[in-house]
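Take a look at the structure below.
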Amino acid sequence: TRVPSEDVEFIWSQVAPLLEKALDETYTIKDILYGLANDRMQLFISWNDNKVESAVVTEIAQYPQSKVLRYFLAGGTNLDNWLERIQEIIEKFAKKESCTHLEVAGRKGWARKLKGFSVKAYLLNKEI
């Protein structure tokens, strides 16, 4: 389910702990909340027994020749329970937003889990 920006505050107490585990030095949890509240990012969640089971944060990037929806933060439990379904929902949203591609910035293991994706490049990072 995509969470509209105006509704994020109502479930944030359940979502934040799931996302905090996946954060690195590039964002704080406050940065994520700000991006969601200001429609610069999108939040997709799945439910299990009236509790948020997973949260995926995306953002849309406009390149000169294409518009891309990028997954860049995800957290949750019972991955096999929700991943395929949330992937379908995100893809439908991306098409509705006229995106031509999906990108994932994440750990190597996501390449095995996400259906239809292939490794195109590696993201290298060096602290200076």
For the range 44-128, the Cα gyration tensor yields equivalent-ellipsoid semi-axes (√(5λ), largest first, whole Å) of 23, 17, 12
Please give the length that would be gained between K115 and S13 if that part of the chain were fully extended, namely 0.36 nm times their separation in residues minus their C-alpha to C-alpha distance (nm, one decimal).
33.7 nm
Which lysines have a Cα lying under 29 Å from the Cα of K96, excluding residues fewer than 8 positions away in the same chain?
K30, K51, K67, K108, K113, K115, K120
What does the charge dipole of the chain about its Cα centre add up to, to the nearest 20 debye, if the Cβ of each Lys and Arg holds +1 and the Cβ of each Asp and Glu holds -1?
580
Can you tell me which of 42-52, 19-29 comes out highest on packing, and rank the rest after it, using the mean Cβ neighbours within 10 Å?
42-52, 19-29
How high is the relative contact order of the chain? Use alpha-carbon pairs under 8 Å, at least six apart in sequence, and give a whole percent.
21
Of all the accessible heavy-atom surface of the chain, with the other protein chains kept in place and a 1.4 Å probe, what percent is carbon and sulfur?
50
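The values are calculated or read from the model by the stated rules, or taken from the named source; none is laboratory data. Quick caveat: nothing in here was measured; it's all calculated off a predicted structure. Using ideal geometry, Cβ is built from the backbone for each residue, glycine included, and neighbour counts are taken over all protein chains shown. Ligands, DNA and RNA are excluded from the accessible area calculation, which covers all protein heavy atoms including side chains. Shrake-Rupley method; radii C 1.70, N 1.55, O 1.52, S 1.80 Å.
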